[in-house]
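Notes follow once the structure below has been shown.
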Amino acid sequence: MKLILLVALIFMTAASSNQKQPHSGFNVTTFTEAPKDMEGAGESFYLSGKDKKEGKFICATNYMTALIYINQKAIRLETMGEPNSFQSKQMFTHGKFILIIVKNHVRKVGDENYTMKGIITLK
């Protein structure tokens, strides 16, 4: 009897550990269009040169608002400070999300155009 209970307990433990646990994270996806009210002055961010050629943003800002897609849903985050395109670090927030953009390697490529590399962190 003890052996049967032990075997049953082993099977129950193995079965419960193989069950899929709920996913508590989030997915960030690229997008190709920003809303009309975000067109004009602002910044567009891409994951790669290929994404830039294909027009696939990972994030876009108009300095006051940032747009990012989380779990296939557009999320607008508001600036956490004075909007300024020349800051090397910008922070935006919406609900439980904080978006941090740290720009470096800024290079002027036109009258009002710049290219840069940086790090985008979403918490």
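Scan the range 81-90 and tell me whether some residue there is at pLDDT 80 or above, at negative phi and not in a loop (DSSP other than H, G, I, E, B). Yes: one or more hits.
The single residue among 66, 34 that is in a loop (DSSP other than H, G, I, E, B), touching a residue at least 24 places away in the same chain (Cβ under 8 Å) and either under 15 Å from the mean Cα position of the chain (by Cα) or buried (at least 16 other Cβ atoms within 10 Å of the Cβ) (or both) turns out to be 34. The residue that is surrounded by the fewest Cβ atoms within 10 Å (Cβ to Cβ), counting only those in the range 104-123 that are charged (D, E, K, R) and either over 19 Å from residue 58 (Cα atoms) or at pLDDT 85 or above (or both), is 111. Residues in the range 39-62 that are surrounded by fewer than 18 Cβ atoms within 10 Å (Cβ to Cβ) and not charged (D, E, K, R): 40, 41, 42, 44, 46, 47, 48, 49, 55.
Cβ-Cβ distances below 7 Å connect the following pairs, each with a first residue in the range 93-107 that is without any contact (Cβ under 8 Å) to a residue 24 or more places away in the chain, a second residue that is polar (S, T, N, Q), and a separation of six or more residues or different chains: 100/121; 102/88; 103/88; 104/88; 107/115.
Selection of the range 69-87 for residues being surrounded by fewer than 12 Cβ atoms within 10 Å (Cβ to Cβ) and not charged (D, E, K, R) yields 71, 72, 81, 84, 86.
The values are calculated or read from the model by the stated rules, or taken from the named source; none is laboratory data. Keep in mind that this is a model prediction, so the values were computed, not measured. FYI the Cβ positions are ideal-geometry reconstructions off the backbone, even for glycines, and counts take in every protein chain you see.
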